[in-house]
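The values are calculated or read from the model by the stated rules, or taken from the named source; none is laboratory data. As the structure is a prediction and not an experimental result, all values here were calculated from the model. All Cβ positions, even for glycine, are placed from backbone atoms using ideal geometry, and neighbour counts span all protein chains on display. Just the protein is used for accessible areas: all its heavy atoms, side chains included, with ligands, DNA and RNA removed. Shrake-Rupley method; radii C 1.70, N 1.55, O 1.52, S 1.80 Å.
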Amino acid sequence: MRKMIFLTVVLMMIAPTAQAAGAAGDVIKIGMVNDQSGANKGSGRGMKVGVDAYFKAINAKGGVNGRKLELVAMDDQMTTDKTIDCLLKLADEQKVFAVVGSVGTSNCVASLPVVKEYKLPYINPRTGATELRTPVVREVFHVRASYQQEVDRIVDQLVKQGAKRFAVFYQNDGLGTDILASTEKAVKRHGLSVVSKGSFERNTVAVTAGLASIMEGKPDAIIVGAVYKPGAEFIKLARKEGVTARLASGSFAGGMNLVKAVGPEAAEGVIMSQVVPELDDLSLPITKECKEAIEKSPEEVGFNSVSMEGCMAAKSIVMALEKAGNPPTQAGFIQAYEAMKDADMGGIKLTFTPQDHQGQDNVYLQIVKGNQLVSMK
């Protein structure tokens, strides 16, 4: 509570001087604040690689209407205080035109007061949280499905496989409580309820008590609502303790980041939802385009579901900038997003309206087989 009061006071103090970046110059600076070195660095680095690779590909072709794109990334180590500090520096000192690829539900929610104050376009925060979608925040645009949509697909699949007793393991923060609420809604549609739940504190891997609480309900399916490092610890411990319940997680776990952290034996059979197309389906133009761009600038991350999401977010930015005026303005940029209707990214279409800032609803299910994620089509 003290931190929230302090933040409110700070924002009131800066309100008279908070300035939007206005029209872009010869270089359009796009900011990024996420975890590059902490517990969820796999997601932060993946987003950075995907966005940066696509911007470099566009710059090599002359940029957007003759203007080059520059990604200015800062590391918040998944700590909300650092998130706010970095975001203010990007707005005040770097005068970024927009921000893309934030990671962590709590971090993204904490960013909203700054985003609103600076009227700073906030593109594709890597979260499916309800709080960033309802009510619509004019500056916030999503190029991914919601957590509710992901969990609905997972639960439908598990019920089809015979699951009746659902449990939820979740981190005690905005991400985890959203996954818990989404699961409760999803199972209710099937006339079921969550039989047990267990939690752990954010930025820790203290999962033992949570597993014990969950097993009291004797579940046959467990939804793991955690980022990849603690999620992996939970899955490894569950398998070590002989838990035979089906295990499932979502895009927030980072795809192969989770699989690698769990290890081949324990990860086998884990179901995961994704919000990007199948990575090996190169018949889809957006997948082929992103794969080629990322493989030219892979760093240590390479082409995976997270870097693909970053690339898709970057492409949506370019599409909006092309329609945002010359020079583009932030107001024109927001209007360009809201005017998109069946805008083709390359096999994936985006539609936004002033009342709906989520551009597409696609969810894809995968399962771990042989230490790889394969489609459950």
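Odds and ends about this structure:
- Meets criteria (under 15 Å from I30 (Cα atoms) and at pLDDT 95 or above) for P328: yes
- The residue pairs whose first member lies in the stretch 85-98 and is on the phi < 0 side of the Ramachandran plot and part of a helix (DSSP H, G or I), whose second member is among the hydroxyl-bearing types (S, T, Y) and surrounded by 15 or more Cβ atoms within 10 Å (Cβ to Cβ), and whose beta carbons are closer than 6 Å, counting only pairs six or more residues apart or on different chains, are L87/S111; A91/Y118.
- Some residue of the stretch 299-318 being open to solvent by 30 Å² or more (accessible area, probe 1.4 Å), at pLDDT 95 or above and more than 20 Å from S251 (Cα to Cα): no
- Criterion: open to solvent by less than 20 Å² (accessible area, probe 1.4 Å), at pLDDT 95 or above, farther than 30 Å from S316 by Cα and aliphatic (A, V, I, L, M) - qualifying residue of V262, V275: V262
- Filtering the stretch 191-208 to residues that are outside any loop (DSSP other than H, G, I, E, B), out of contact with any Pro (no Cβ under 7 Å at 6 or more places or on another chain) and open to solvent by less than 70 Å² (accessible area, probe 1.4 Å) leaves V194, G198, S199.
- Any chance E338 is acidic (D, E), open to solvent by 10 Å² or more (accessible area, probe 1.4 Å) and touching a strand residue (DSSP E or B) at 6+ places or on another chain (Cβ under 9 Å): yes
Residue-wise test of (1) surrounded by fewer than 22 Cβ atoms within 10 Å (Cβ to Cβ); (2) touching a Pro at 6+ places or on another chain (Cβ under 9 Å); (3) closer than 24 Å to K29 by Cα.
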{"site": "K119", "(1), (2), (3)": "yes, no, yes"}
{"site": "T127", "(1), (2), (3)": "no, no, yes"}
{"site": "T130", "(1), (2), (3)": "yes, no, no"}
{"site": "P135", "(1), (2), (3)": "yes, no, no"}
{"site": "D152", "(1), (2), (3)": "yes, no, no"}
{"site": "V159", "(1), (2), (3)": "yes, no, no"}
{"site": "G176", "(1), (2), (3)": "no, no, no"}
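- Looking across the stretch 50-78, just one residue is part of a loop (DSSP other than H, G, I, E, B), under 22 Å from T105 (Cβ atoms) and in contact (Cβ under 8 Å) with a residue 60 or more places away in the chain, and that is M78.
- Residues in the stretch 161-174 that are surrounded by fewer than 19 Cβ atoms within 10 Å (Cβ to Cβ), among the polar types (S, T, N, Q) and either without any contact (Cβ under 8 Å) to a residue 24 or more places away in the chain or out of contact with any Asp or Glu (no Cβ under 6 Å at 6 or more places or on another chain) (or both): Q161 only.
- From the list E268, E216, E241, the lone residue that is free of Cβ contacts under 8 Å to residues at least 24 places away in the same chain and acidic (D, E) is E216.
- For the stretch 159-195, a tally of residues being in contact with a strand residue (DSSP E or B) (Cβ under 6 Å, 6 or more places away or on another chain), more than 14 Å from A129 (Cβ to Cβ) and not β-branched (V, I, T) returns 7.
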